[in-house]
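Please read the structure below before turning to the comments.
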Amino acid sequence: TKEDSTTAIADPVTIPSDVSITDFSVPASLFNGQTRSLKLSIANARGVEAATGSVLLVGKVGDQVIAQYTGDFIALKANGKAKFNWKWTANLVNPDILEEVTWTATVTVEDDSGALQVVDDATGTTTIEVKKGKNSKK
């Protein structure tokens, strides 16, 4: 016997802007307790509509989120740029064991229906090193 089936095909989403990450930097390494900047730059392309959206930066050690930062941009014009800068202080869960933080930056913009769409992402890694003190046996 023949079975009838249908497949729903969603209308393609139109995003009238073209926002992308142009620079993303996190420290390669730092000692426990040190504070450094996390930087993210985005740009909207030439000849497109203004963009409204947000950026999200999440730092994880394994599956555990240890830091999260957000920023918004409104009506980022064609050929426009925006920079985001956050201060982060490294804190080891166990002060005797170094950890690696995996950072993920995500850019989300509104599509033509007002829904949010992820349009770009980037990753980086920071090693948090054990601070060697006067009494350290390492």
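The values are calculated or read from the model by the stated rules, or taken from the named source; none is laboratory data. Just so it is clear, the model here is predicted, and its values are computed rather than measured. When we count neighbours, we look across all protein chains shown, and the Cβ atoms used for this are built from the backbone with ideal geometry, even at glycine.
Some points to look at:
- Scanning the range 106-125 for residues that are touching a strand residue (DSSP E or B) at 6+ places or on another chain (Cβ under 8 Å), more than 22 Å from residue 28 (Cβ to Cβ) and among the hydroxyl-bearing types (Ser, Thr, Tyr) yields a count of 1.
For every residue, the table says whether it meets (1) in contact with a Leu (Cβ under 7 Å, 6 or more places away or on another chain); (2) closer than 26 Å to residue 43 by Cα; (3) crowded, with 17+ Cβ neighbours inside 10 Å; (4) not basic (Lys, Arg).
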| site | (1), (2), (3), (4) |
| --- | --- |
| 69 | yes, yes, yes, yes |
| 92 | no, no, yes, yes |
| 102 | no, yes, no, yes |
| 116 | no, yes, no, yes |
| 127 | yes, no, no, yes |
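- The residue pairs whose first member lies in the range 48-70 and is free of Cβ contacts under 8 Å to residues at least 40 places away in the same chain and farther than 11 Å from residue 104 by Cβ, whose second member is surrounded by 14 or more Cβ atoms within 10 Å (Cβ to Cβ) and acidic (Asp, Glu), and whose beta carbons are closer than 7 Å, counting only pairs six or more residues apart or on different chains, are 48/18.
- Extreme residue, nearest to residue 23 (Cα to Cα), among residues of the range 91-117 that are of a type in the set (A, V, I, L, M) and modelled with pLDDT under 95: 109
- Flag if residue 54 is within 19 Å of residue 113 (Cα to Cα) and modelled with pLDDT of 95 or more: yes
Residue-wise test of (1) over 12 Å from the mean Cα position of the chain (by Cα); (2) in contact (Cβ under 8 Å) with a residue 40 or more places away in the chain.
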site	(1), (2)
77	yes, no
82	yes, yes
88	yes, yes
102	no, yes
109	yes, yes
130	yes, yes
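- Every condition in (1) surrounded by fewer than 16 Cβ atoms within 10 Å (Cβ to Cβ); (2) modelled with pLDDT under 90; (3) closer than 15 Å to residue 108 by Cβ holds for residue 15 except the one numbered (1).
- Some residue of the range 41-61 being of a type in the set (Ser, Thr, Tyr) and under 25 Å from residue 128 (Cα atoms): yes
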